[in-house]
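Student: Handing you a structure now.
The values are calculated or read from the model by the stated rules, or taken from the named source; none is laboratory data. Everything numeric here is computed off the predicted structure, so don't read it as measured data. Cβ atoms come from the backbone with ideal geometry, glycine included; neighbour counts cover every protein chain shown.
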Amino acid sequence: MDIKYQENGDIDISTGDIRYVEGVEQHKLTILLTQQGLLKSRPDVGVDVANYLLDNEPGELLREARKHCQRIGMKIKAIYFKNQKIIIEGGYENN
């Protein structure tokens, strides 16, 4: 179990205490939000989606997200934009 984050990256304390969830979706969010080099246990992982906000080539963001998810052992079936959100289909082999 991992600490649950809100969509804006803040820790979810909506119940008055820290909430916990299964880790796959949280790992995807962490990969998208984190700059490479900031995760002590995996300094080679991090997309930093904020750097792509004004980018004219959204495909590069999707390629980077796929690559970084695969670095931590996820099997990605598809990654795409839907309703202005990044959808990452897939997870760890046992999920």
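Student: Looking only at the stretch 1-38, which residues are of a type in the set (Asp, Glu) and part of a loop (DSSP other than H, G, I, E, B)?
Tutor: Those that are of a type in the set (Asp, Glu) and part of a loop (DSSP other than H, G, I, E, B): GLU7, ASP10, ASP12, ASP17, GLU22.
Student: Same structure, new question: Which of the residues that make up the stretch 58-95 are without any contact (Cβ under 8 Å) to a residue 24 or more places away in the chain, assigned to a loop (DSSP other than H, G, I, E, B) and either under 16 Å from GLY46 (Cα atoms) or in contact with a helix residue (DSSP H, G or I) (Cβ under 7 Å, 6 or more places away or on another chain) (or both)?
Tutor: Once the filter is applied, which keeps residues that are without any contact (Cβ under 8 Å) to a residue 24 or more places away in the chain, assigned to a loop (DSSP other than H, G, I, E, B) and either under 16 Å from GLY46 (Cα atoms) or in contact with a helix residue (DSSP H, G or I) (Cβ under 7 Å, 6 or more places away or on another chain) (or both), the stretch 58-95 yields only GLY73.
Student: What is the number of the single condition among (1) modelled with pLDDT under 95; (2) crowded, with 16+ Cβ neighbours inside 10 Å that LEU38 does not meet?
Tutor: (2)
Student: Next question. Can you find a residue in the stretch 11-21 that is free of Cβ contacts under 8 Å to residues at least 24 places away in the same chain and under 14 Å from the mean Cα position of the chain (by Cα)? So that I can check it myself, show each step before the final result.
Tutor: Going residue by residue through the stretch 11-21, those that are free of Cβ contacts under 8 Å to residues at least 24 places away in the same chain are 11-21.
Now narrow it down to the ones that are under 14 Å from the mean Cα position of the chain (by Cα): none.
Scanning the stretch 11-21, I find no residue that is free of Cβ contacts under 8 Å to residues at least 24 places away in the same chain and under 14 Å from the mean Cα position of the chain (by Cα), so the answer is no.
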